[in-house]
Amino acid sequence: MPEFQTSPGMRDILPPESGRWRRFTAVFAEVVEAAGYQQLIPPLLEDLGVFTRIGDATDVVTKEMYDFVDKGKRRVALRPEQTASVCRSFAQHRPTVPWKVFYSGPNFRYEKPQRGRYRQFDQVGVEVLGVDDPMLDVEVISLGWEFYRALGLRQVTLQLNSLGEPGDRVQYVNALRTHFEAAGERLSEQSRITLTKNPLRILDSKREPDQPFIKSAPQIADFYSEEAAAHFDAVKVGLRALDIQFVEEPKLVRGLDYYRRTIFEFLGGTLDSAQNALGGGGRYDGLVQALGGPATPGIGFALGVDRTLIACDDEGCFDAEAPQLDVFVVDAVGGLEAAVLTSDLRAVGLSVDRGYDNRSMKAQMKLANRSGASFAVIVGEQERADGAVVIKPMHGGDQATIPRSELIAHLLETMNL
RNA sequence: GUGGUCAUAGCUCAAUAGGUAGAGCACCAGGUUGUGAUCCUGGCGGUUGGGGGUUCAAGUCCCCUUGGCCACCCCA
């Protein structure tokens, strides 16, 4: 065991996995930029209040934050998510609406780590501020859906629900409280604690004793105002028009408290994991105001990079790719020839690597093979004397000796560049 | 945070009832002095996560500790 290793819940993303991560965010950017979203890069660190303001009844904010006092005596925290930062940013800069942004990057939550659950975990996501239209809900959901398709995922299910207008939600929560309080001691101990803080969350419980009471609990749909019901219906109509399959899940609640009206979650196809929530989001009208900005409707989603990649592993899509190199230079006469050749070839846009330490030709050929390069360019005593190089196709075909002055033209022609 | 489980070479694993650590892969070097992927030979590599204890003897038993994984919790 090495003296130092990564802290719990932290890890290195090594090659070739790291290349897969980069492609992941590139594909995401491609999908959402095609819909008019632009990237926002918020800081990793914010005033603690930015996060406490958004949900002081949630574990994410009350128990799991990396918060501390900095050298300037400010109370700050590593962001546990990015929606709050986006809203803070909106309230601070007041951009014109609609403000359509996307982001990607790490968040921090002090939890007990597991597979697909890390203390530093990456998310990609979008947020739109300033638009109330249910067709925007449809667009946002469809972008998540489209992104999964772009990765090659086919077994993702979309769960959909509405929490109603804030007033509806309050009434519903009261009804739930009454309902669960009637259950009294028969409710699990955990749920009795949850009941005092946020009755909605009990609907998410997996504990056996709670199940009958969850089943008989009041339905959110009965509490929708006309407005909320109309909004929700419009969203469903829109999704159907786009042929996006969804499951209405009246018991779906989200972890953060700030959600209103439309909420949704993407679930992975693998059933045997408690970590199968790939991503989710919803409307959070009121968040910007809570952070000191003008009353502004908002909606967005965040997708977990790790979990989505695990889902890709399970479905056998979006594999890590071996790097593609054009040329590997083998220099058996000291290494100076290789220095010049790699430089010249890179200058015309080819990807080129070489061997070092003046190793044997056999050893350098092994490296050339391992590098996955299409061609080996070889210089030995004979070639150096003749001003020539050997060019050898690594994936089959005969090698040829050509004048060094013709190398670049020859390579570019062969590769159709 | 609670409970369970696991921890042996860079990686994946093996080691009969406690007797003093082995394989495959990877890596390196050779296989008649200029060329890779296959094949053959050899080599490098482990105070068995760390600490303490029981024993003549511990990778194997006990305790503590660190970390991974699983469930709860929470959520991405």
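Values in this text are rule-based calculations from the coordinates and carry no lab data. What you see is a predicted model, and the numbers here were worked out from it, not measured in a lab. In this analysis, Cβ positions are derived from the backbone assuming ideal geometry, glycine residues included, and neighbour counts consider all displayed protein chains.
Summing charges over neighbours of residue A:9, with a neighbour being any other residue whose Cβ is under 10 Å away from its Cβ, gives +4 when K and R count +1 and D and E count -1.
For the stretch A:48-79, applying the loop criterion from DSSP together with a ceiling of 11 other beta carbons within 10 Å to the trypsin sites (Lys or Arg not before Pro) yields A:63, A:71, A:73, A:74.
Ranking A:216, A:289, A:188 by how far each Cα lies toward the positive end of the dipole of chain A (charges on Cβ) leaves A:188 at the top.
Magnitude of the charge dipole for the stretch A:205-351, about its Cα centre and with charges confined to Cβ atoms of Lys, Arg (+1) and Asp, Glu (-1), is about 740 debye.
Please say if the stretch A:198-338 is rounded, prolate or oblate, where rounded means a/c under 1.5 for a ≥ b ≥ c the square roots of the C-alpha gyration tensor eigenvalues, and otherwise the choice is prolate for a/b larger than b/c and oblate otherwise?
Values: a/c = 2.77, a/b = 2.10, b/c = 1.32.
It is prolate, given that a/c is not under 1.5 and a/b is the larger ratio.
Lysine pairs in chain A with Cα distance under 19 Å, only those 8 or more apart or on different chains: how many are there? The number of close lysine pairs in chain A is 11.
Near residue A:260, within a Cβ-to-Cβ distance under 14 Å, what is the net charge of the other residues, with Lys and Arg +1 and Asp and Glu -1? The partial results should precede the final answer.
Working: positive: A:169, A:254, A:261, A:283; negative: A:132, A:137, A:165, A:168, A:227, A:257, A:285.
Residues close to residue A:260 contribute a combined charge of -3.
For residue A:366 and residue A:93 in one chain, what is 0.36 nm times their gap in residues minus the Cα-Cα distance, to one decimal in nm? Present the calculation step by step, with values, prior to reporting the outcome.
Values: separation 273, 0.36 × 273 = 98.28 nm, distance 5.60 nm.
Going from the current span to full extension adds 92.7 nm.
Below 8 Å between Cα atoms, with a sequence gap of 6+, how large is the relative contact order for the stretch A:327-414 in percent? Computed over the stretch A:327-414, the figure is 28 percent. The dipole here belongs to chain A: it is taken about the Cα centre, uses +1 on the Cβ of Lys and Arg and -1 on the Cβ of Asp and Glu, and is about 1080 debye.
Under the combined filter of DSSP loop state and at most 14 neighbouring Cβ atoms within 10 Å, the stretch A:39-106 retains none of its chymotrypsin sites (Phe, Trp or Tyr not before Pro). With a cut-off of 10 Å between beta carbons, the residues surrounding residue A:340 carry a summed charge of -2, where Lys and Arg count +1 and Asp and Glu -1.
Each DSSP beta bridge with both residues in the stretch A:327-414 is either parallel or antiparallel, and the antiparallel ones are about 50%. Whole-percent P(r), the stretch A:327-414, all Cα pairs, 10 Å bins from 0: 19, 58, 23, 0. Exposed loop sites are taken as GluC sites (Glu not before Pro) in a DSSP loop (any state but H, G, I, E or B) with at most 11 other beta carbon atoms within 10 Å; the longest stretch of chain A without one runs A:4-320.
Show that you can apply the helix-only estimate: for chain A, add -39,500 (n - 2.57) for every DSSP H stretch of four or more residues, divide by all residues, and state [θ] at 222 nm to the nearest 500. Intermediate results must be reported in sequence, preceding the final value.
On the way: 15 runs with 155 residues, N = 417.
Rounded to the nearest 500, it is -11000 deg cm²/dmol.
When restricted to Cα atoms, chain A yields an Rg and a Dmax of 27.9, 95 Å, respectively.
Taking every pair of distinct Cα atoms and averaging 1/r, then inverting, what Kirkwood hydrodynamic radius in Å comes out for the stretch A:1-93? Let's see the in-between values first.
Details: mean 1/r = 0.0619 Å⁻¹.
Roughly 16.1 Å, rounded to one decimal.
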